[in-house]
Structure formats: C-alpha cells, structure tokens
C-alpha cells in the first residue's frame, strides 16, 4: 500500500514516555555491557523512511550516531527490518549497520513519546505523501502546528531536511517552515557543502525512481533557531 | 411521554445567584430573588439553519471541481471546453443515516461576569454574549458568532479576558478576540495557534509562579501538552502517564502548580505541571464498581464471548474554589466522588461519595466552595434538574442544598409546556459520548 491514514486508530506500540523506550533492543551493538544500557541516544530521525535507503547510506557516513527510521506502513517496516538484519549479518565482521534501525509508528501523533526535548540533530522528510486535496492538508507531515513539535525534539542548530518531486508540496513545506519562528532556511551554498543533502538526493528509493523518470527534485533545509525570549 | 430536556451544561456568575443553563439548543439565564426563588432573566435559542451554509459549501466545492475539470478537458484543437453548470444540490441524509443534533455545548462566563461564551454545533461556531443585567427582558445579547471549519470541543478564556481559546475536534487550537467582527474565511485568514494530530478534549489557560502564561491542551491520544502563550509555537513539555484518552483537566486556584487530569484511565492523576512531574494518582475502579451497569458494557464489536467487557471513563474533574478538594464523576453513573488533596504531601484520597437520584450529566465548580451538577432527569416528571452541593467548612463535610436545588427545579418546571424545551424520549440529545473516545486500535495497517 502506498498510503496510510495518519488519523486512524492504528494498533501501534509506543512507549508511555521517552524514558520508557527500550532502545537497547534496536541497537544491540551500542549496548554498554557494564550497564546494559545504550551508550548514546538516537540523534538522527528519518520520518517516513520508506524502504530505508537513506538510513543505509547515512549509516557509514555517521558511524558514531544512532539513526532511526519511522514508518507507518506495516509491510514496509517489516521489509526494512529484514533488510537491516541482512545487512548486519553480511557485515558482521566489520560491525557495520549497527547504528540504524526502524520503528513502525505514527510520527505525527507520537514523536514526543520517543524523543525528549532537544534530542535530535537531524530530521529527514524525504518524498512525503503529497496529499494533494486541499481538505487533506492537515494530513501533510509538515504543517505549522506539527513544526512546533519537531522544533521541540530538535536541538538548537539541528537541521530539518526536506526533499520532494512535487513542486506544490515543496512550496508548501518551504512557506510553512519559513513562517515558523523557530526555523530559518539554509542557503544553497550550505546545501552544496552538506554531505547529507548529497546522500538524500541520491540514496532513497523514491529519489532513484524520480531520477529514472528524469523528474525534478526540490530540496530545502532549515536550521532550528534558539527559542526567543519568553514574554 | 414528553418532558423538559435534561440540562446539558451549566455556568454561574460569581456565587450562584445567576445561573445559565443549556437545554436542547436554548441558553437560559435565571436569577435568584431575595425570596430564594429563581426567575428567568434571559434566553437565547440557536435558530441557525444549516441548509444555506451547506448549500454554499456544496456550490463552492462544485465550482472548484469544475475549474479543475476545465483544465483537463480539451477539444481536438487543444482549447478548453466549458461544461454546463447546474445548481448545487443540498445533500439530504438518506433513511438510516445518523441523526444530526444541533446542540449547544461548553458554557463559560468571564471572571468579571460580563460575557458568556458558548459553542453551537449547528454551524460549528463560538458564540460570544454580552451579559447585560440592566436589560430586564433579556440579559443575553449575542455579540459575535464565529464559525469554524471543525466542531469546537473545548474553550477557555485568556487571563486578560480579551481572547477566547478554542480547541476543535480535528486537533487545532484557535485564538479569537472577544471584541471585533467575526472572520468570514477561517481557512485563509486564521491559522491555528497550535495543534495535535488527535481530537482535542480540553484546554486550560494557566500562569506559572514566574508570571509566564501557558496553554494546556489534552487529546484522545493520552497527551497533555503544555505550550507557551502567546508564543504557542514553543512547546514547553508533555505530561506523560495517561494510558487512555484524557477528557478533562483542572487546576485549583489554591495551589496553582497543581493539575488534575482524568479520562479513560482507571485513575485520576495529580501533576505538578510547572515541574512536569506526576505527583499522585487515585484509582477509582473499586469505588465506581457498584455504580456501573448495562450501559457500561462495551459495544458489541468490542465485546468478548461472555459479554462482560465494561468500558467507563471520567467525564469531568473540577476543583473547589478555596477548599482543598476536587470532584469528578464517571459517565452514566449516579455518583459524585470528592477527593481531599494534601498540598504538603502532594497526595489525594477519597473523602466523600455523594449518591444522586439520576446519572450526572454536567459538573461545575462555583465560587464559595460549591458544586452544581445537572442530572439526566428524563424519568423524573420534570424534577431533579440540578443539585447544589455545598462544602460545610465547620464540619469538613459536603451536603446537598435541597432548598436551592428545588428552587431551580421549580423555576424550570414552569416550562413544561414550552415547545422549545420539551422533547419526546427519542429526541434526547446524546448525553453520554465521552466513553466512545476510547481507542480500540481497529486499523492494522
């Protein structure tokens, strides 16, 4: 299935609060043998990770950071899980792909159940569902009200990456992020020098599909600004 | 048999010498006289006809579709072909369609007693009334009717009483000035100030010990979110702990950093919302057991083979104005629970159980350490509309004020021939809808 309704009552598993999340299960390679706990936190999130191509390319680029993909479609999540298990097994000797994993979940509803304030360095929104119909715009992954929640889990200076092949959606995401007081657009020059932009442009399955069809890819990156003084 | 519809919502000014009630789609105001009797002093009925606005909406959507099709339809030369346009038809619900009720909900009075705020289901609007007690024929004057794209579910007023904060069924929160003209095109002119991706159930305006202002919003996904105000784009924190939906929150004037919350869980919770800490919970499942009945059985599609799955939820929790007590009730039960709060130890315990003759529908806290409840009195022969429950400080006890309750009942009884208020059994508005918020995880993918 290509779509899933983010407003439905899905059978979802999510922790009651971030402290209750059992991350050791997802990243066994990073478990501190003395405490049985993870030695670090997830700092990179790929929201709607699809088939996991982005994570797989980010993994060697950020070997010391934990990367989590979130995906709402069950079958797709199962596929990515299998894919990561296979990669870990095939690269067991080099201990690779230990820093990525995937969770089935509804990020629009339950992101704060997983991540505490200012936990994340980077959030990726790659080729999100465009929800063309006007009355379904609240189902889009970037809305002014959801951006406040993304700003909560991002640390100051953290980056939101967006890429899409739908120009209307690109304009929508840019205008909402630009209007949000906690985000500032990063320059084209910054984009050209950032390795994640390069990976994001070429790594994902959707991105490859667009490239095959010689379609356009629209990229916009935004920095999380410090909170203004509370009035 | 026809009877006066039960009171769906209540509000009072200051002490309860003036009370406002919602019966069907009518707001009525009553004032207590020196004799102790209540007299009607105001009335407003929602006579809004939905068909015009539906027609307008249908025409607009039709226009949009035609415009979209024009772009697509081309003749052989590549020119666009205009299509014939017929008048938009207003859709009429077919047989068996769920009934549409034009209810009024959420009744609040500003602290200075000057304005009454409410919501109408008919056009999903927030209603702002001026309360003019010098007007002897009708004290309610509608100042503003602000329609919204989705149904308002909860409202509150900012501390300076200039702004109404409205939380809707779709998860968005809007801020609207009390003064000024209504906005005609909400989607283009008014953006939500914050939002959840879940139905909002309650909203509360709070000021912390440093004088900073906050909005507390609760939803069907167990979340209690604390955002700054007016910088509502900055989320301060979430209060995690509910395992089921949250239906109601309140914060007492006598301990401003305390927050009480309740909903589909077996417990009601006590938080320090400023520190972001859960302090205590009170499990009421044993206390409420004797009061549960057949109407708490889960709907058949969620039932087990023994047909004994019960579902219940707290409808509302309120704090007393000065005494360290909170009160709550479980939907479709004839009982009110009163908890004593120990501010030092930061705990609370059951203090008193008050049995009532009928199911409780609404609960409000009144100045002077009093509560007022309205009851589902449809079988009473137009008696027992409301009960006032007074805190007796001398004996540290609670008593039902029968005289005052009766005075309001007597006043309402006069309307037993009024077409506006009287209904047949089949026409009673859905009074029990909180428990239906429970999630069953029906959708797998």
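Points worth noting:
- Beyond 51 Å, the tail of the calculated P(r) for the protein assembly as shown holds 18 percent of the Cα pairs.
- Euclidean distance of C-alpha centroids, region A:176-231 and region A:70-94, integer Å: 25 Å
- Mean Cα-pair separation over length for chain B, i.e. relative contact order, pairs under 8 Å, 6 or more apart, %: 13 percent
- Here the Kirkwood formula, the inverse mean of 1/r across different C-alpha pairs, assigns region B:328-375 a hydrodynamic radius of 11.8 Å.
- For region B:1-75: rounded, prolate or oblate by the Cα gyration tensor [a/c cutoff 1.5]: prolate
- The mean number of Cβ atoms from other chains found within 10 Å of a Cβ in peptide B:194-205 is 3, as a whole number.
- Per residue of the protein assembly as shown, the DSSP helices (runs of n ≥ 4 H) give a summed -39500 (n - 2.57) that works out to -5500 deg cm²/dmol at 222 nm.
- 10 Å Cβ neighbours from other chains, averaged over peptide B:216-228: 2
- Note on chain B: along the principal axes its Cα atoms extend 91, 55, 51 Å, ordered by decreasing extent.
- Percentage relative contact order, region A:18-224, counting C-alpha pairs under 8 Å, at least six apart: 21 percent
- Two-site FRET efficiency, residue B:243 against residue B:355, from Cβ-Cβ distance with R₀ of 25 Å, rounded to 0.05: 0.30
- Area projected by the alpha carbon convex hull of region A:190-231, averaged over all directions, nm²: 4.4 nm²
- Look at B:436, A:162 and count the other Cβ atoms within 10 Å of each Cβ; fewest to most, that gives B:436, A:162.
- Region B:270-317-region B:143-185 distance, computed between alpha-carbon centres (Å): 31 Å
- Per-q log10 I(q)/I(0), region B:300-351, q = 0.14, 0.26, 0.30, 0.31 Å⁻¹ (Debye; single scatterer per alpha-carbon; no solvent): -0.52, -1.00, -1.14, -1.16
- Note: relative contact order over region B:92-185, using C-alpha pairs below 8 Å and six or more positions apart, is 18 percent.
- For region A:18-224, DSSP calls about 35 percent of its internal beta bridges antiparallel.
- Here the peptides B:167-173, B:120-126 are ranked by packing, the mean other Cβ count within 10 Å, and the order with the highest first is B:167-173, B:120-126.
- Classification of chain A by its C-alpha gyration tensor yields a rounded form. The axis ratio a/c (a ≥ b ≥ c) stays under 1.5.
- Cα centroid of region B:197-258 to Cα centroid of region B:367-445, whole Å: 27 Å
- Packing, taken as the mean count of other beta carbons within 10 Å per residue, orders the peptides B:255-264, B:210-219 from highest to lowest as B:255-264, B:210-219.
- Comparing B:434, B:310, B:27 in a Gaussian network model of chain B where C-alpha atoms under 10 Å apart are linked, the largest mean-square fluctuation is found at B:310.
- Exposure proxy ranking for A:187, B:158, B:365, based on other Cβ atoms within 10 angstrom of each Cβ and starting from the fewest, stands as A:187, B:158, B:365.
- The protein assembly as shown: antiparallel DSSP beta bridges as a percent of all, rounded to 5: 85 percent
- From least to most packed, judged by other beta carbons within 10 angstrom and beginning with the fewest, B:429, A:79 follow the order A:79, B:429.
- Max mean-square fluctuation residue, GNM over chain B, Cα-Cα springs under 10 Å, options B:11, B:97, B:327: B:97
- In chain B, the longest principal axis of the Cα atoms and the axis of helix B:50-72 are about 40 degrees apart.
- Legend: mean number of C-beta atoms from other chains within 10 angstrom of residue C-beta atoms, peptide A:146-159, equals 3.
- Most fluctuating residue given options A:37, A:138, A:213, as computed from a GNM of chain A linking Cα atoms under 10 Å: A:213
- The Rg/Rh ratio for region B:233-348 is 1.02, where Rg is the radius of gyration of the alpha carbons and Rh is the Kirkwood radius.
- Radius of gyration and Dmax over the Cα atoms of region A:161-219, both given in Å: 12.2, 37
- Using only the C-alpha atoms, the convex hull of region A:1-125 corresponds to 110 Å³ per residue.
- D_trans [Stokes-Einstein, Kirkwood Rh over alpha-carbon pairs] for region B:266-317, 4 °C, 1.567 mPa s, µm² s⁻¹: 98 µm²/s
- Tilt relative to chain B, helix B:402-413 - C-alpha long axis, 0 to 90 degrees, to 10: 30 degrees
Laboratory data are not the source of any read-out in this text; all were calculated from the coordinates shown. A quick note: this is a predicted structure, and the numbers were derived from the prediction, not measured. Backbone-built Cβ (ideal geometry, glycine too); neighbour counts: all protein chains shown.
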